[in-house]
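Trainee: Take a look at this one; I'll ask things after.
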Amino acid sequence: MVPLQISSFLSIPLVGPGTNPLEGAALGMLLLECFAEAGTLLTMAVIHHGELKTLKYSNDAFENACMEFDELNLKPTYRILWAIPGRSNAISIAKIRI
């Protein structure tokens, strides 16, 4: 593996696809904790594992954020909301679209 540097960009689109969601979340947690311990300045993870959203509460190296979503118009506003874990809007969208 190539060592990460301050200017590195790493994209891991899916962590543990085809596995039990808890196993995928555990693998994702391990990766994020390794990046934090290595002193990586900024790691942004787009996740849907609820377990990973709790990292902020056990380790000060992590922060939650989400993309604001306009529930009336069913569209993202593209504003980042810091300190707020995101949630899925798929069911809300599906109910209106069907």
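Trainee: For residue 75, give me every one of the lysines with a C-alpha distance below 23 angstrom, ignoring sequence neighbours fewer than eight places off in its own chain.
Mentor: Within the straight-line cut-off, residue 75 pairs with 53, 95.
Trainee: Using each residue's phi in segment 10-15, evaluate 6.51 cos²θ - 1.76 cosθ + 1.60 at θ = phi - 60° and report the 3J(HN,Hα) Karplus result to the nearest Hz, with x for Gly and Pro.
Mentor: Karplus values, whole Hz, x for Gly and Pro: 10, 10, 10, x, 9, 9.
Trainee: Continuing with the same structure: Return a whole-number percent for the relative contact order of segment 19-98, with Cα pairs under 8 Å and 6 or more residues apart as the contact set. Present the calculation step by step, with values, prior to reporting the outcome.
Mentor: On the way: 61 pairs, mean separation 16.3, N = 80.
With pairs under 8 Å counted, the relative contact order is 20 percent.
Trainee: Accessible area per residue for the chain in Å², computed with a 1.4 Å probe and the full protein assembly in place, what is it?
Mentor: Values: 8040 Å² over 98 residues.
On a per-residue basis, 82 Å².
Trainee: If you fit an axis through the alpha-carbon atoms of helix 21-37 and take the longest principal axis of the Cα set of the chain, what angle between them do you get, 0 to 90°, nearest 10?
Mentor: Once rounded, the angle reads 50 degrees.
Trainee: Rounded to the nearest 0.05, what FRET efficiency is calculated for residue 19 and residue 54 with R0 set to 22 Å and r the Cβ-Cβ distance?
Mentor: Numbers: r = 19 Å, r/R0 = 0.88.
So, using R0 = 22 Å, E works out to roughly 0.70.
Trainee: With a 1.4 Å probe and every protein chain kept in, tell me what percent of the accessible surface of the chain is carbon plus sulfur.
Mentor: On the way: 4960 of 8040 Å².
Within the chain, the accessible surface is 62 percent carbon and sulfur.
Trainee: Just the Cα atoms of segment 18-98, one point each, no solvent: what log10 I(q)/I(0) does Debye give at q = 0.18 Å⁻¹?
Mentor: Debye output, listed in q order: -0.85.
Trainee: In 10 Å bins starting at zero, report the fraction of Cα pairs in segment 1-62 per bin as a rounded %.
Mentor: Per 10 Å bin, starting at zero, the Cα-Cα P(r) for segment 1-62 comes out as 21, 54, 24, 1 percent.
The values are calculated or read from the model by the stated rules, or taken from the named source; none is laboratory data. Here the structure is a predicted model, which is why all the values come from computation and not from measurement. Counting neighbours? That spans all protein chains shown, and the Cβs are built from the backbone with ideal geometry, glycine included. Note: accessible area is taken over every heavy atom of the protein model, side chains too, but ligands, DNA and RNA are not part of it. Shrake-Rupley method; radii C 1.70, N 1.55, O 1.52, S 1.80 Å.
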